[in-house]
1. Quickly rank 92-98, 126-132 as a protection proxy: mean count of other C-beta atoms within 10 Å, highest first.
2. So what's the Cα pair-distance distribution over segment 157-208, bin width 5 Å, in %?
3. Can you order the peptides 158-171, 17-30 by their average number of other Cβ atoms within 10 Å per residue, highest first?
4. Any idea how far the Cα center of segment 265-293 sits from the one of segment 84-152, in Å?
5. Between PHE147 and residues 5 or more places away or on another chain, which pairs have amide H atoms under 5 Å apart, with H built 1.01 Å from N, and which residues are they?
6. Can you spot the aspartates and glutamates whose alpha carbon is less than 15 Å from LYS333's alpha carbon? Ignore those fewer than 8 places along the same chain.
7. What spacing in nm lies between the two simple spin-label points modelled at GLU62 and ASN193, each 7 Å away from Cα in the Cβ direction?
8. Quick one: which residues, 5+ away or cross-chain, put their amide H under 5 Å from the amide H of ALA39? H built at 1.01 Å from N.
Amino acid sequence: MSNLKFTSGSPQIAFIVGMGRSGTTLLTNMLNSNPEVIASPENEFIIHSYRTFYNKDFNDVEVVDSYIDMFNHNFNRVISIWKPGDELKNDILQLKDKSFENVCKLSYLNYPFSQKDKKNVSWVIDKNPFYSLHIDTLKVIFPEAKFIVIVRDYRDNIISRKKYSDQNVPLHKLAADWNYYYERIFKSFAKNNIQHHLIKYEDLANNPTGSLQSLCVYLGVNYSDEMLNFQELSKEMKKHAVTSVSKEKNEKIQRMHGNLEKKVNTERVNAFVKELKADEIAFLDFACEKLALQFGYQKHQPSLDVPFTSKLAYAFSYLKTTAYGILLGLKYKAPHSK
């Protein structure tokens, strides 16, 4: 069995949600540098497997084999740099309480970077922007789960998402997605009476120690200065990506996360002021104003009038994003199959 076991009950679980390119990977690497925490990059295995395996008996070897097959099948379809280690099957079979919840947690314990001198892991943390749309399901599987929301100034976030998109995505689509994600997150929180911990990327960049200490209090773990020394771990994860994904996907990962080998800095805070045109800033201020104010983000001044055609394009994009979200939800309710 792997070095990490459920010695005093299974570890607790938390999810990092929020729009991608908001500092989710930075926060994940910081947390994974805490000796009491395992924090993994995204792999959508929970949502892929929930409908098929939630009520299955994991005492059955065929069920275990099917679950692992599902994991590998999913691994080949998403940009993910990890899958469970070879010991996962034996670990599941030796698990006393083989609930779906515990099997998922054990999968995290088999994450390749989870074994680094960690003997007393009390938390597993999954960073996955996509899970922002599946909080209701996560709450069913993990009733005691905690949630960490990370948000970044919508203008800086949209610059980054546009830069690393595989296509030329218009601003109205990027703005619609930003709004939709955070609206879905907080609607799910209200529906399920979920308490959460909010982190703003700007606060993490300006005061990483204070932000991490506050987060550690929320999780009930000891703060460690090693959480600020995550750069070597970032390098190791990038090396691992070389052997885990295609050359094209690996090159994208290297580009997207190049800054993770540096110390925390504020280089990209308010980048939009120099990198967006005045009319683009005005449009994003219009599109995201309601949620932005709730997070404490202010309109850029002076503000320009937004043409009616731009407002209409945004409204149409938001409807399309909502419809796509509904269809995607139906897709993930279907049992997994090859």
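1. Listed from highest to lowest mean packing, they are 126-132, 92-98.
2. Binned Cα distances yield the sequence 4, 15, 18, 17, 20, 17, 8, 1.
3. Output ranking for 158-171, 17-30: 17-30, 158-171.
4. A separation of 35 Å, based on Cα centres.
5. Under 5 Å from the amide H of PHE147: PHE15, HIS197.
6. GLU44, ASP136
7. Once both label points are built, they end up 4.2 nm from each other.
8. ASN32, ILE125
Since every read-out is calculated from the coordinates, none of them should be taken as a lab result. From a predicted model like this one, the values you see are computed outputs, not experimental measurements. Cβ sites come from the backbone with ideal geometry, for glycine too, and all protein chains shown count toward neighbours.
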